[in-house]
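The block underneath contains the structure these notes are about, expressed in structure tokens.
The values are calculated or read from the model by the stated rules, or taken from the named source; none is laboratory data. Not measured: the values here are computed from a predicted model. Neighbour counts are summed over all protein chains in view; Cβ atoms, including those assigned to glycine, are modelled from backbone coordinates with ideal geometry. The area values use the complete protein model at the heavy-atom level, side chains included, leaving out ligands, DNA and RNA. Shrake-Rupley method; radii C 1.70, N 1.55, O 1.52, S 1.80 Å.
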Amino acid sequence: MMLVLGVAAVFLASAPVARWSSAVPIEADEIAYSDQGVVVRPTGEILPVVIPWYDVRSVPDSWAGDAAAYQDISQLARDARQRRQRGDIRGAAKLYTQLDQKLTGVRGEQAFDIAIGLLEYNLLGEDHAAAVLPWLRVLRAAGTGRQYQGPLLDERTSLHPALIPLFLNNSGQNLVPNGEFSPREQLLLEYYQIAIAHDEAEDIDSRLDELEQRIRKLGDRDAGLLLVHEIVSATRASDPAKRLAAREQLDRTARSADVGWMIDWSKLAIGASLISEDDENQRERGVVACIGVVVDPEDGTPNSIRELAASFAAKYLDSTNRSQYANIITMTALMGNQPATGATP
């Protein structure tokens, strides 16, 4: 008998399982039901496969017995996916939220589809802090121990180009995950928690040192984690020497990276870091760096990154009695709000 975590039951199949994605049904020797979908062991095969609920068209015995509890879930999952695929992100999000409350599984194709839907929805809002957990859930659902490859995210780093760990008005939003993350995802979560935190933690430098040590223990040089580390260090570290060292590394990244959004992430972080310094000359250099992202973005830089850069620049210009220039920068970002090649929202 096959063992599947979280299944309702396992029994001999009396009919094939039909899918929406294929006209060919799956003849199964055994079948079970789980939060991630129908678990079937195809005839003659040793290993089972999981058909996510959004792809389940029919099951043996017309949704009788243990399958009855999942019939509505299957329809809900299909409706949510169809709405998302045709561009109705807000409508889909309502259904994905219902699914998220009904299903407890965190890994698999069904969990992945829910996480993608919630991520796309939260990216529509101005507060991208709300999109951090859905993004990490996408990584978790894709599976531990491998780089995520798919829509929305950068394939090499698994970062989302619109989700820079830098927030103009730290909302103090509490990022509380539902379930555990892999060591890499946990590191990303903790960096973003620091970036989003409303108050200035006294132990922030020691936390950054500890996180950096954990990055090293993972082994391979992880470009995504290291970029996040430098951005958070440049903008949140209390030690001026740490901020300077992080800015120097970000400057090297800006000059050597071959990906547009990584270049502009680095430039924006340098600008935001300099704007927070006490020296007026450094602050002026910082606003120039932010303006550069607004008026001359790289290919692939999301519009939201340009708008964030404009917000940092405008806030500083307003504080130095140059509101007319602040308005110009803000309008430039809004008027140039056209997707760059390969850009994301």
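Computed over all pairs of different Cα atoms, the Kirkwood value for the hydrodynamic radius of region 216-329 is 14.3 Å. Here the 3J(HN,Hα) profile of region 210-218, calculated from phi with Karplus coefficients 6.51, -1.76 and 1.60 at θ = phi - 60°, is 5, 5, 5, 5, 5, 4, 5, 5, 5 Hz, Gly and Pro shown as x.
Here the contact order of region 5-131, divided by its residue count and restricted to Cα pairs under 8 Å and six or more residues apart, works out to 19 percent. According to the Cα-based calculation, Rg over Rh for region 161-290 is 0.95, with Rh computed by the Kirkwood formula. In summary, the lysines within cross-link reach of Lys315, defined as a Cα separation below 25 angstrom excluding same-chain residues under 8 places away, comprise Lys242, Lys267. Annotation: region 217-278 has a Kirkwood hydrodynamic radius of 11.7 angstrom, from the mean reciprocal C-alpha pair distance. In a DSSP loop and with at most 13 other Cβ atoms within 10 Å, the trypsin sites (Lys or Arg not before Pro) in region 39-91 are Arg86. Considering only alpha-carbon pairs that sit under 8 angstrom and 6 or more positions apart, the relative contact order computed for the chain is 9 percent. Counting only protein heavy atoms and using a 1.4 Å probe, the accessible area of Thr235 comes to about 30 Å². Taking only the Cα atoms of region 67-135, the radius of gyration and Dmax are 11.9, 41 Å. Please check the chain for the longest run free of GluC sites (Glu not before Pro) that are loop-located per DSSP (anything but H, G, I, E, B) and have at most 14 other Cβ atoms within 10 Å. Answer from the scan: 203-345. Near Pro297, once Lys and Arg are set to +1 and Asp and Glu to -1 for all other residues with Cβ below 11 Å from its Cβ, the sum equals -3. The eigenvalues of the Cα gyration tensor, multiplied by 5 and square-rooted, give region 59-199 an equivalent ellipsoid with semi-axes of 29, 16, 14 Å from largest to smallest. For region 226-275, the solvent-accessible area with a 1.4 angstrom probe is 34 square angstrom per residue.
What percentage of the solvent-accessible surface of the chain, computed with a 1.4 Å probe over protein heavy atoms, is contributed by carbon and sulfur atoms? C and S fraction of accessible area: 49 percent. Lys/Arg Cβ at +1, Asp/Glu Cβ at -1, dipole of the chain taken about the Cα centre: which of Pro52, Pro165, Leu268 is farthest positive-ward? Checked the options; the winner is Pro52.
Most tightly packed first, judged by the mean number of other beta-carbon atoms within 10 Å of their residues, the peptides 18-24, 249-255 read 249-255, 18-24. Taking 18 Å as the straight-line reach from the Cα of Lys94, the lysines in range (excluding those fewer than 8 positions away in the same chain) are Lys102.
Just to be sure I understand the curve: with the Debye formula and one point per C-alpha of the chain, what is log10 I(q)/I(0) at q = 0.12 Å⁻¹? For the chain at q = 0.12 Å⁻¹, log10 I(q)/I(0) is -0.88. The 1.4 Å probe gives accessible areas that order His128, His160, largest first, as His128, His160.
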